Each structure stands twice: as structure tokens, then as C-alpha cells.
1. Can you tell me the alpha carbon radius of gyration of the stretch B:80-185 divided by the globular rule-of-thumb value 2.2 N^0.38 Å?
2. Under unit Cβ charges (Lys, Arg +1; Asp, Glu -1), what dipole magnitude, rounded to 20 debye, does the protein assembly as shown have relative to its Cα centre?
3. What list of whole percents do you get for P(r) of the stretch B:366-525, with Cα-Cα distances grouped in 5 Å bins up to the one holding the largest distance?
4. Taking H placed 1.01 Å from N in the peptide plane, check which residues at least 5 places from A:ASP128 or on another chain put their amide H under 5 Å from its amide H.
5. Once you have the Cα-Cα distance between A:LEU252 and A:ASP115, take 0.36 nm times their residue separation minus that, and quote the gain in nm to one decimal.
6. Please give the calculated 222 nm ellipticity per residue for chain B, where each DSSP H segment of at least 4 residues contributes -39500 (n - 2.57) and the sum is spread over every residue; nearest 500 deg cm²/dmol?
7. Just checking the output field for B:463-469: average partner chain Cβ neighbours within 10 Å of each residue's Cβ?
8. Would you list which lysines come within 23 Å of A:LYS296, measuring only between C-alpha atoms, while excluding same-chain residues fewer than 8 positions from it?
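The values are calculated or read from the model by the stated rules, or taken from the named source; none is laboratory data. All values derive from a computational prediction rather than experimental measurement. A quick note on method: Cβ atoms are made from the backbone with ideal geometry, for glycine too, and the neighbour counts reach across all protein chains shown. Areas reflect the complete protein model, heavy atoms only, side chains present, ligands, DNA and RNA absent. Shrake-Rupley method; radii C 1.70, N 1.55, O 1.52, S 1.80 Å.
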Amino acid sequence: MLMTGKTIIISSWVLLAVFMSGCSEKVPIASSEAGCVPSLYPDYTEVTVPCNVAPLNFSVDGDYNRIFAEFRRNESRLEAFGKKTLDIPIDKWQSFMLENRGETVDVTVSVRVGDKWMRYNSFPITVDSVAMDSHLVYRLIAPGYEVYSRMGIYQRDVTSFRETALIENSLTPHRCMNCHSFNQNNPDKLSFHIRGENGGTYLNTGAESSLLDLNTDHTISAGVYPYWHPSGDYIAYSVNKTQQGFHTSKELCVEVFDHASDIVLFDVNRKEILATPLLNATPELETFPAFSADGKTLYFCSSEFHPVPNEYKLIRYSLCSVEFDSSTGSFGERIDTILNSAEIGKSVLFPRPSPDGKSIMVTLADYGTFPIWHGEADLALYDLQSSSLNLMDRVNSADTESYHSWSSEGRWFVFSSRRDDGLYTRLYLSSVDENGVATKPFLLPQKDARRFYTESLYSYNIPEFVKGTVEIDERDVEKRVVEGRIKRVGFRNDIR
Amino acid sequence: MNKITIFGYLKRSHMRILPLMICGTIFCFFAFMYQGHLSYLADFQMFLLTGRYFVEMVSHPGGFSEYLGEAVTQFYVYPVIGAAFIALLLYSMYRLLIIICDKIKPQSAKGWMPLMPVIVYAGLLCDENFMLAGLCAVVLTLSISALHLSFAPLRGPMAYYILMAAIYWMCGLTALIFAAIVYTYNIIRTDDRYRVTLVYLAGALALMVIMPIVASTFLQYPLSRLAFGGVYYNFITIYPTVLFLEYALIALLPAICILSGTIVRRGPWLKHISILPVMLTAVVMVSGYVDLRKEEVLAYDRCIRYKQWDKVIEMADRRNPDMPSTVACLNLALARNNQLLEKMFCYYQNGTGGLMPDYVRDFTLPMIYNEIYYHLGFINTSRRFAFEAMEAIPGGRKSVRAIKRLAETNVINGKYEVARKYLTLLEQTLFYKYWARRMRGYIDNEQLIDTHPEYGELRKIRVDDDFLFSQDEKDMMLGLVYTSSHRSRLQYEYLQAYYLLSKDLKRFLACQSLKKEFPVSRPSRTQQEAICMVVGTGREELDKWMVAGSTLADYNSFMASYRNFPKDPQMLKNFDNTYWHYFIRE
């Protein structure tokens, strides 16, 4: 039977009423108090966040059918609802955060169980007035062993939830891509490797882009771990001959060790690999190069050689440094040991000098070179002024903390951690104040973090802060790889 | 009278009955002779019943047909249902072709030709690398084509272009089948052939060039992949010519039928000749694509996956396995039945590789081999093999079987958080959700796991000592694992079998005196045969090792024959079920 005009009008009013009620959901009146602070996922209670962070959508442990949160400081308020996860409107969030930068806001969460609302005790969130860099670049890859399937390098706008692919291996099938690196958080100057047939190192200096074969007859491998010199004229690379082993006990999984490793310098302008006897062809294992913020010092990790796999547990890296003169591209004559692994009983890895030049953040593991598979791996901050090493207890967990990267303003940093499930690496953000004290870390926000992190079968790898959007002409990269347009680089070992 | 009626009915209706018979035969073949293949295909995908998965799948060209293909393939876990779906899809393809031919020119689809694409696709599906998505794409395209031809208002150029774009996005390259059908329809029914060619053919080709280029601006796939659309072949960088030929055949079938109808009118007997290419195609497809050797491997795999140990041994009794993977499956089944040392040399053995195979960079074999390490208590190795197999699947698909194994191994290892993650994913599938829900009960429940007949036992025998897995020192690892618990008969039998297969009789004998926490009576026949070879024929010594008199007599007989006729095949044949035969074989 056809609908009559009357029926249509009534139905329209009902639909409009439903729609209007959905648009202006009223602040719930709690019929009970939980008497405690809610247990959130992700845990955003009492965190300090940068003023430009994406909305901190969260869910509460337990069963409920609706969630409500009120963010408040004096008269400034933000209210948000959600079904299982809070869904904070992004525009309102951004203006609320700007309004309250440098202040502490109270968050009150209520959940509806059945048709009754229950309110939790409020907790504070501090909005730091210092903004972090707007983007993070990371690789997403399954935490596997030797085989990789779908992977890619992605950029995430940390002020929103927008993630875009910079390059995915669906474009260049069967190839691996890794070790993206930026000069001083500059999105226009980057390099990354593409492994496999016709692979090489993609280099974008801002002025030109090229695909380079950094493997020479005089080095043990192509470039592996990169670090740009602040001038943009050089990139220090480790070259590594690496092997994997697989543990049998339930606590451990993978071990990665180097049979040999050196450090070389790549001259960006001349497209030449420069090798110094100080860091090359030595019996020691040198890896993880990193330039100081002023570019006058090259930090790196060095270990005494031990045959692997038999003695892999004896390999421990010390933090070392050597002077560097960028005007001549030459090194000093002496290597200084800054942190001696024998003295601290740890392997010092991934040195990352702070942008203000006052400290170096490192990863400490019991042994070895690949801390992501070491549950005991923690972050530590080495103060260059007081020459003291301090474990970053506030950010460390019972599980792995590994790769870390500074935001360009030198306050915020990102690090990878396996604290959530022991396998899939997630990104956490934290800040360090003038005294080197870190704030409580928080998980990189997602639109629906619980669902997203539970269902994702990818690990976050090599997170790097950048100051803006990265542009890569992925079709140009594809063309170079497919056509084998790869340029061999020169080699010089006459530098000091 | 009755006979005449049936004969008459058959004569009149044979073109209705024959396709049903062919599809029935295809059903029977897949349901009863190709179960391993179907089960394997169901294992190597993870179809999630969520809106997000649907959106993820349909967000690239050909994604909708891939989604449909996966939706149907998940039913392959029950091969009879899977085979029914295959037969149904093939029959649908046939009927749609008939409908389309009739729409273009009534009565043009007489004869055998419309059966040809059905037979070709049935043959292609016998190769596990041809995905069901390709057939779904064809059926979907033909359905849209038939509807398009049925409804006059839809026949305008604008509707045509919109449908063409929609089919490209849903199915990929098969949009060209739609274009060819509509072009044939219009060319038959119009006098303005120039306009029809420009609008319907040139326009379609231009669209098929433009659309992949547009897609390439926001999707990171090679242009060739975007032009092809869906993943119809497992290896995404390979575009098999036979698939193009099949699609061309389907696209041109209405034209072929019309043309053959014209020829047949000149001599009705010619109608029967059209059976020849169809039969020839059937022969070519069966001989080219049916791989019963591979089916044997996959059937063994299916059995060990579902712990059907007796069935594995029955299969081996019917046909002695001779491939490393099938031998490895058989040895596991024998060991699970406590018969490894008793019966292993009754079958072909290919050395230690058929006992504890090495890892290979592949997606099929590591999945099979993970089962062996799992039952042996090498939980990390099982997990690694399953993970690596899943990561090696072309196109980045995940595997429901691998995820299940990852959940199990993490529960056994007490890694509950990551196990919970895998169970959450399995709860979103059709056939594993109840298992996953049950499994949730084991999370954080040590007592429940310890009392589980499988997980509890594996916890007792698993490798707890830490060392790096070495492919070249499996006997050392087995020895270490076994001596740490002395509980597992399986590990003990594998250790003994390893020494026997590597012909390391000194270590085999030393291994006899290992402590055992399970009942052991007299050494097995195989062990006795090996003991004879080490300790000689001294009765006192053999009594110490509990070697039976009959074994000694056989050994003496073997040695006498071997000394006299060392290269006599008949002599070897008489002892081909003995360890001695394996030992002297090069």
C-alpha cells in the first residue's frame, strides 16, 4: 500500500526529531559515582601533552554503552560523547587546546551502563605550551623474522588522525624499504633505502632526487643506519654485515648481530663514499652514527669484536665520539669513549643528540645491537655537561623501549615501545624539561585507539619527527627502481 | 514405450542436462578428489566479517570481486560446500552466457561453445594460484551485462559508461567483457556501425586507459596492476596469458555463437563438430592444470593439520610418499601414533630432511613444517614458521590458520596480550569465532592451560633452555630438549629416528640408555635392526639390548645375501622394509 501524505509528514517529523536529538546530546546527569579515576585505554590520566596534539580519544575498561567526557578549566569547556570510544570533535579540540596552552585541565568521564550514568573522579591533563613537530614519519611492518609482506613508510599528521603513505612496497613488489632519515627534521631533505633487485638509497636533497647504489667494492655493505650532518653536505652511514638468530626459549625471540660493521661518510654533493681508517676496517664493530647539533662531533657506538653467533652475548657497544670538520670533511685523530659498556654493564645503542646539544638519548640493552627484541631495553639520557647517565624511569616500562627521535624544538620526543603486548611496537610521546626530567609518556592518539591497535598487525618502526609534510614523487621512485636507474657512487679513503 | 520417451526427452533436453552433468562432475572432483587444495586455499586467507574489512577491500580496483572471492573461499574449509560453490558459480557463468547470447540474438547459443569457458575456468581453478576472485569477477560482470541488455532504459551510452566504470572498480579488467558484450549487441542491432564502434568500443578502451591512470594518482600500485584490477592470480606481478585468453573467449563468445550459427545453417551436421574444440579444451585443461602430486602434499597437510594421524598412515599405505614434505607428514603421524621407530622404514625415507625439515622461504612448506615443530615442543620455531609462511603469502594477505597457530603458541608461551590480539581477529571470522571465544578462557588462566590435553602437554615438553635454533644441529637441540624433561616419547622417537636417518649409529646406541618417563618395553624392530649393525652378532651382547632371535636371524640372512650379492636388486627387495636396506642405500 502506498504511503499517504499524512504518514509521510509524520515520519519526516519523527526522523527530524531523532536527528535533532542526536545533534544536541545533553550533558548526562550521573546517578552514581564510581569513586575512582577511570582506567583508560590509552592511559591519558595525568599526562602532559603538546598543545597541538590530535584529540585524545579514549575508552574506559569495562562494559558500558555510551561514554561522555568533559574537559574543563574555569569557564573553558569541551564536551564529547562516544559509543565505546570517546569521539572528540577535532575543531573544537584544537581551539580548546590553544585556549588552554600552558594550563592544566580537568577531565571528568562518565559512562552509561544500561540507562544509568556513572561518573568517575576527575583527573588532570597538562597542556604544554610548546608544540611538537607536526608530523611523524615511520615504517609499518609486521614484526616478523626474515620475510616481509606488505610494508611502507608513512607520515602521520600528529595534530589530527591523518596518515598517508609516502611509499609502499605494493608499488615496487617484493622489495623492502627502510631507514628513512631527515636532516634536522626537515621534510625536504630525506633519504631511505629500497632493498632488493635494482634497489638503492633514495636521496632527496631538496634540490634534486636520485637513487644511489652505496655499495662499493671497498665497503662491506651498502649504507645501513644513516644520520645527516646539519649542513646537509654529508650523511654518516654504518655499513654492516648482519645475521639473525632465533631463540628457543619462550622469553626470547630474535637476535640480530653483526659479523662486521664500520662507519663511512657519504658526500652528498660529490656522490662519494668517504672512509677513514679511524672508523673503517678496524677490528671493532662501529655502528649507529649521529652528528651533534652543531655538526662538530660524530657520535657512534663501538664494540670489541667477538665471533658470532657463539659469543653474541659478549657484544656490548660503548658510546664514542670523534671530532668532525665539515669544511674539509675530515675527522679528528682521537676517538673518545663517552660511555664505556664495560663500566655500565650495558650495550649503548641509538645515540640521538638533543637539538640543544646538552644531552644524548640512548637505548641501553644487556648486550647486542638490536634492542627491539630485548625486553630489558630501556631509554636513558646522557647529560653532556655533567657527564652523567640517567635512566628515564618515567618513560621506561617492563618491556622494550627502543628507537627514539627528538622533535626539532628539543622538548618533545617519540620512542617505540612494546609495552602494550610484548610484540607489536607502538609509538609513545613524552617530553623532557630543562632538568632532563621526562613526563609520563602517552600512546600516539588514534580515532579509536583500542580498535586500531588491537586489529593492526603492523609494528611502528623508526619514528622520526618532521616539521611539515613530506613530499615524495612515488612514481619517480617506482620508475627508477623498475628501470634500474641507479647511480653508483665513488669511493675515497684518503680522508683523515 | 517408456524407453523411447526417455530417449526422446534426452534428445530434446541434452543441452539442458549436459551442463548440469558437467558442473556435477566438477563438484564431485573438487569435493572428493581435491579436498587438499580447497582446504589449503581456505587456510591462506583471513576473511573478516567487519565493515572495515569490506571498506579496505573495496577501496582498490577489483577489490569487490576479491571480497566476494574470499567470502566464498572461506567455505572451502568444508570442501563439499566449497565445491558446491565452485560448481554453482560455473553453472551461473554458463547460464548467464546463454542469456546474454539470447539477448543479442535469440537462439544463437545452441551447441557446445558456451560450455568452453566453463571448462577452462574449472581447469584454472585446479591450479591453486588462480583465485576464485577471477571467477566471481566474471560472474558479476556477466550478471551486470545481462541486466544491462534486459532493461532498455539502461542501454544508453551514459549508463554504459557509468556501468563500465563501476565494473572496473568492482572487478577490474573484466569490464572489457562487458564492453565487448554491449558492443556486439549494438553492432548486431544497428546500421550505424561507425557510431557504435566509436561510442561503445573506442570509448570503452579509452575509459580502460584513463581509469587506471586516475587510480594511480591515489593508489600506490604499479600501473599494470591497476589496469588488470583484481588479484585473479596469486602472484600479483604475474598476469597469466591463459587468463587473458579465457576472458577474451568469454567476451567474444556471443560473436562466436552467432558466427557458428551461420556456419551450422549451411550444414546441420556441423553442429556436432563444435563438440571437438570443447572436448579438446577439457583434455588440455585437465592435463595442464590438475596436479594430483600437489594435491597429495596438500591432502597430507590437511590431515596433519586436523590431527588425522590414522588417515595419514592409510594414505601412505595406499601410496608410499616420496616427497620430503609428505614423508615429513607421515613421520609425524607415525610418531603421534608411537609407531615411528616401529614402522618408519616400511616407507620411503629421504634422510633427516623428511623428519625435521629446514626452513624454506615459501608460504606453503613452512606452514606444513610448523606442525612438526609444534608437536615436538619447539614452540618458538613453530611460531616462526607459521609467521613466516603468513608473511610470504603474495599480496600481503593474512592466514587464518597462521593466526590461529600464533594464538596457540602465544598461549602456550604465556604471552597472553599478543594472544588476545590474535583471538580478537579470529572472533571476526565466520568459522573460527567460536574457537577464539573458547580460547579466551585460557588467557591468564595457567591452571586451565596446564590441564589442557594438548597445550598442557606442550608446556611440559617445550624448549625452556635458551639457545639459538640451528638448522645444522637439530639432533643436538632434540637431545637438549629431551634430556631436560625425559617426558616426551615423541621427542625420544624423533631423536632416535634422527640418528638412524643420519646413519650415526654410535650416537643412536648412546641414546638408548637415556632416561625415559614413559613406558618402554623391548626396542622396536627398527631399533633392533640398528643395534645388530652396531654390536654385531654376539648373543650375549644382543640379549643385553633385548634383540629378538628372529631379528638376529634376519640380520644374518641379510648379511649373507649382501656379502654374496651386494648389488643384486632382488636381494635389496627382500629387505626393503628394514633399516639395513636404508643404511646401505646410497
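1. On the way: Rg = 14.1 Å, N = 106, 2.2 N^0.38 = 12.9 Å.
For the stretch B:80-185, the normalised Cα radius of gyration comes out at 1.09.
2. Numbers: 110 positive and 115 negative charges, 1118 e Å.
Dipole size: approximately 5380 debye.
3. Taking every Cα pair in the stretch B:366-525, the percentages come to 1, 9, 16, 18, 18, 13, 10, 7, 4, 2, 0.
4. Excluding prolines and chain starts, which carry no amide H, the hits are A:VAL49, A:CYS51, A:GLY102.
5. Working: separation 137, 0.36 × 137 = 49.32 nm, distance 4.72 nm.
Length difference between fully extended and current span is 44.6 nm.
6. Working: 34 runs with 399 residues, N = 586.
Here the helix-only value at 222 nm equals -21000 deg cm²/dmol.
7. Values: counts 4, 4, 2, 7, 6, 13, 4.
For this peptide, the per-residue mean of nearby foreign Cβ atoms is 6.
8. A:LYS189, A:LYS271, A:LYS358
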